[in-house]
Amino acid sequence: MKRKLFLVPSLLGVFVLFIIPFIIGLKFPFTSSFYDNTFVGLYHVNRFAGSEAFAVALRNTVIFTMLFIPVSILLSFALAHMVHHRKNSIYYSVAFVLPYALPSTVALGFFRDLFDSGHFGHIPNLLLVGVVFLWHYTGITYLIYIIGFRHMDNEVVEAAMIDGASSVSRIRFIEIPLLKPYHYFVLIIALINSLKVFKDTFVLFGEYPPLDLFMLQNYIYLKLQELNYPFMMLAAYLFLAVIIIGAVFLLRANRKLSEELGEEI
Amino acid sequence: MKAKATSSLLVGVALLFMLPVLYIIWKSFISIGDGEQVGFQVLHNGVSVKQYLQIVLTNKAYFFFFLNSIKLTVIIVILHTAVSVLAGYGLSIHRSKTAGALFIVYAVVMAVPIQITLIPNIILYKWIEDVFNIHMMSSRWAVILPMVFSTFGVVVMKLYFDRIPKEIIEAAKIDGATEWTLFAKIALPYARPAIGVVSLFVFFDAWNMLDRALVLLSKPDLYPLSLQLNVVYERFYNYFFAAAVIYSYPVFILVQGVQKAYRKVGSYE
């Protein structure tokens, strides 16, 4: 009995603050208002589906995640691969992680000045924010890979080096398969971070970013400010669906890749 | 030859990552006139520390918001770490199906982005306002509570507690250790590195609070400096870089601390 006491504070907090209100909120898209529980059928859903703002936000989010998550994962793997065996690896790690550790408003002072200078007017905003995203969040996924490399069985790697394996085949047949559990973790963290890009667009472009940067997070943010419960909840439904589908898709792709690599060994 | 090429490539990339940080530090020493918006320039009127002195000695608003950030961050870090250590331990010692399911719930809540977790918070606060007439959103606790009970720390602590060797626990039990001594004398000292990681990351998160404060706080005088710096950039550009560097100072200190700890760990290997 006493052992359950450890869990009580956290359980109370999590259920009262997040889970119970969310479950209660699930009905909002189908009732007439926050106070009035009259069932209105698909009234809100139809209005929502016709909303152009949401379609734009969904499209931009999908484009952004599909483009920049793979790039950030590749970049963090490449950096960790090059850094992990170095004596002074800590200096590199600090350089890569510092952008994440600094508050966004501080860190983005440079990019605000840079983009305001007008030299980048012809580059799509999505690409600019993508660069900011890579700079801001690569450090975290890099750090996970560094931990992975440190826990890797060095004997296997050394044996391969003695056998004269090229660095390409070392990456393909040893490092990528051995780091398998870390790939999943990196994938999830990269996904979470790609959604944090709201902070960056907010600092760079304010509450109402240009249309090509208007993402799901911005949409939900505006609905939160308006206290539009049916729409924010519908967006949340879809947001969760996108996250789940995205995660399943990426995990499956990852599994396929490692299966293929496994067969070749 | 090839190793050298990799080295210079790495140094180049590391400098690229550091460039914005170095720019901000450098620019904080550049003298800029009141109301001037000089944009992307590294040389302007010469070097000065006037803006630092003005912030430190005369700017009351700056310290007001700085203090807001400190209050929020200190409460959040202490409470989040305490709650997470207890719950992580609780999840780790229970091997039942319910505990397994709870862990999955916690992991899912952790992976949900902040904009979604703000929705139940708002629903709850509105309900409290209607029923008890308590205006949660005009109090700091509106942003503190969700961060205290975010599940990140619990997930990390649980995974770490799982690594305690079973033999140690069994031996202590045979010696007649109570539930509480097991926790306080064995698990807690064992988990010290994980406690450090959790409090460090929660610190970074709280010190960088932005959208959460924007949505959940109805009074701007409760805003943390991390959010208010945005206004500083727009209205007091000449102060911004010095203000930003002062605000980042705790981050630099902590990163240095981590560096030292890392070296210590490295020397054991």
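The values are calculated or read from the model by the stated rules, or taken from the named source; none is laboratory data. Since the model is a prediction, treat every value here as computed from it, not as a measurement. Because the Cβ atoms are built from the backbone with ideal geometry, glycine has one as well, and the counts that use them run over all protein chains shown. The accessibility values were calculated without ligands, DNA or RNA, using every heavy atom of the protein model including side chains. Shrake-Rupley method; radii C 1.70, N 1.55, O 1.52, S 1.80 Å.
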If we scan region A:84-98, do we find a residue that is more than 17 Å from B:VAL11 (Cα to Cα), of a type in the set (Ser, Thr, Tyr) and at pLDDT below 85?
no
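Among the residues of region A:58-76, is there at least one that is within 11 Å of another protein chain (Cβ to nearest Cβ) and either buried (at least 20 other Cβ atoms within 10 Å of the Cβ) or under 30 Å from B:PHE204 (Cβ atoms) (or both)?
Looking through region A:58-76, at least one residue is within 11 Å of another protein chain (Cβ to nearest Cβ) and either buried (at least 20 other Cβ atoms within 10 Å of the Cβ) or under 30 Å from B:PHE204 (Cβ atoms) (or both).
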Count - residues of region B:237-258 that are in contact (Cβ under 8 Å) with a residue 24 or more places away in the chain and more than 7 Å from chain A (Cβ to nearest Cβ)
10
Filtered residue count, region B:100-144, keeping only those that are more than 11 Å from every other protein chain (Cβ to nearest Cβ), closer than 20 Å to B:ALA87 by Cα and open to solvent by 50 Å² or more (accessible area, probe 1.4 Å):
2
Say we look at region A:17-27 and pick out the residues that are under 26 Å from the mean Cα position of the chain (by Cα) and more than 7 Å from every other protein chain (Cβ to nearest Cβ); which of these is least open to solvent (accessible area, probe 1.4 Å)?
A:ILE19
If you scan region A:144-176, which residues turn out to be closer than 20 Å to A:LEU75 by Cβ and open to solvent by less than 60 Å² (accessible area, probe 1.4 Å)?
A:ILE144, A:TYR145, A:ILE146, A:GLY148, A:PHE149, A:MET152, A:SER167, A:ARG170, A:ILE171, A:GLU175, A:ILE176
Check off (1) farther than 20 Å from A:VAL186 by Cβ; (2) out of contact with any His (no Cβ under 8 Å at 6 or more places or on another chain) for A:PRO29 and give me the number that stays unchecked.
(2)
Cross-chain or 6+ apart pairs with Cβ under 7 Å, region A:107-121 first and of a type in the set (S, T, N, Q), then open to solvent by 20 Å² or more (accessible area, probe 1.4 Å):
A:SER117/B:PHE40
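Can we say B:LYS158 is in a helix (DSSP H, G or I), surrounded by fewer than 16 Cβ atoms within 10 Å (Cβ to Cβ) and touching a residue at least 60 places away in the same chain (Cβ under 8 Å)?
No: the conditions fail for B:LYS158.
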Residues that are open to solvent by 60 Å² or more (accessible area, probe 1.4 Å) and out of contact with any His (no Cβ under 6 Å at 6 or more places or on another chain): which helices (runs of 4 or more DSSP H) entirely in region B:182-269 hold 1 or more of them?
B:192-207, B:225-235, B:237-268
For region A:73-110, name all the residues that are in contact with an Asp or Glu (Cβ under 8 Å, 6 or more places away or on another chain) and assigned to a helix (DSSP H, G or I).
A:HIS81, A:SER104
Just for region A:35-54: of the residues that are assigned to a loop (DSSP other than H, G, I, E, B) and open to solvent by 40 Å² or more (accessible area, probe 1.4 Å), which one is nearest to A:ASN218 (Cα to Cα)?
A:GLY50
Tell me, yes or no, whether region A:125-138 has at least one residue that is assigned to a loop (DSSP other than H, G, I, E, B), open to solvent by 20 Å² or more (accessible area, probe 1.4 Å) and either at pLDDT 80 or above or farther than 18 Å from A:LEU195 by Cα (or both).
no
What pairs come up if the first residue lies in region B:50-63 and is at pLDDT below 80, the second is outside any helix (DSSP H, G or I), and their beta carbons are under 7 Å apart, counting only those six or more places apart or on different chains?
B:LYS50/B:SER31
By residue number, the members of region A:232-247 that are more than 8 Å from every other protein chain (Cβ to nearest Cβ) and crowded, with 22+ Cβ neighbours inside 10 Å are A:LEU234, A:ALA235
Restricting region A:167-195 to residues that are within 11 Å of chain B (Cβ to nearest Cβ) and of a type outside the set (A, V, I, L, M, F, W, C), the residue that is nearest to B:LEU159 (Cα to Cα):
A:ASN193
Against the condition open to solvent by 50 Å² or more (accessible area, probe 1.4 Å) and more than 10 Å from chain A (Cβ to nearest Cβ), how does B:LYS97 come out, does it pass?
yes
Here's a check for you: in region A:177-210, which residue that is of a type in the set (Lys, Arg) and within 21 Å of A:PRO124 (Cβ to Cβ) is least open to solvent (accessible area, probe 1.4 Å)?
A:LYS199
